[in-house]
Amino acid sequence: MVKSISKKIINSISTNDNYSKDQLEQMEYILVSILFETIKLFSVIVIFSLFGYFDKIIIILAVMSMTKIFIGGYHEDTQVKCFIATVLLAIGILVLNSQCTLSFVGNCILIILSIFCLWHQVPIINPKMPITRQELINKNRIRGLSIATILGITSICLYNFSNYYSLITWTILFNTILMFNKKDA
């Protein structure tokens, strides 16, 4: 359904302007991706909100969204699998957040370890959507490291003021761990 809606929108655009077939395919791919991501995010927010975790899922999704796009790593091959993985990861983060109280030093160590691993790995290039331009790879590296560092510093600064610090820390750590999902062929 999403793909057919996207195709109709792109077809209506193509009648007004002269776009190449490649440009239309790129626009359709981007539109489909945005629509699927919007549906996934909305669904995850609704599900977790029903259980009283609205504020926590917003933080988790914000941290995931801000970092994942630049650092790369784990990707599922279908939208359904991606949705299930997102829900399971969020549940894992919420369980760790409620069951594991991090000391200030422990929080700092997890942040520093995550940034260290990111420094040595990012960006992880998805073989299904490879980035080949070195300029774009370097930009993603800088953006991913910068955003993760800012979020890590935010977590450290929030330590004495809010329990949200650990949601940020666990989410950064999960995103970092998910960079190391390569399987040998």
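The values are calculated or read from the model by the stated rules, or taken from the named source; none is laboratory data. Note that the coordinates shown come from a computational prediction; the quantities given were computed from them, not determined experimentally. Heads up, the Cβs are rebuilt from the backbone with ideal geometry, glycines too, and the neighbour counts pull from every protein chain shown. Surface accessibility is based on the protein's heavy atoms, side chains included, excluding ligands, DNA and RNA. Shrake-Rupley method; radii C 1.70, N 1.55, O 1.52, S 1.80 Å.
Numbers below:
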read-out: Verdict on I172 being in contact (Cβ under 8 Å) with a residue 60 or more places away in the chain and in a helix (DSSP H, G or I); value: yes
read-out: F36 being closer than 20 Å to L178 by Cβ and surrounded by 18 or more Cβ atoms within 10 Å (Cβ to Cβ); value: no
read-out: Tally, over region 136-185, of residues that are open to solvent by 50 Å² or more (accessible area, probe 1.4 Å), at pLDDT below 85 and within 17 Å of Q121 (Cα to Cα); value: 8
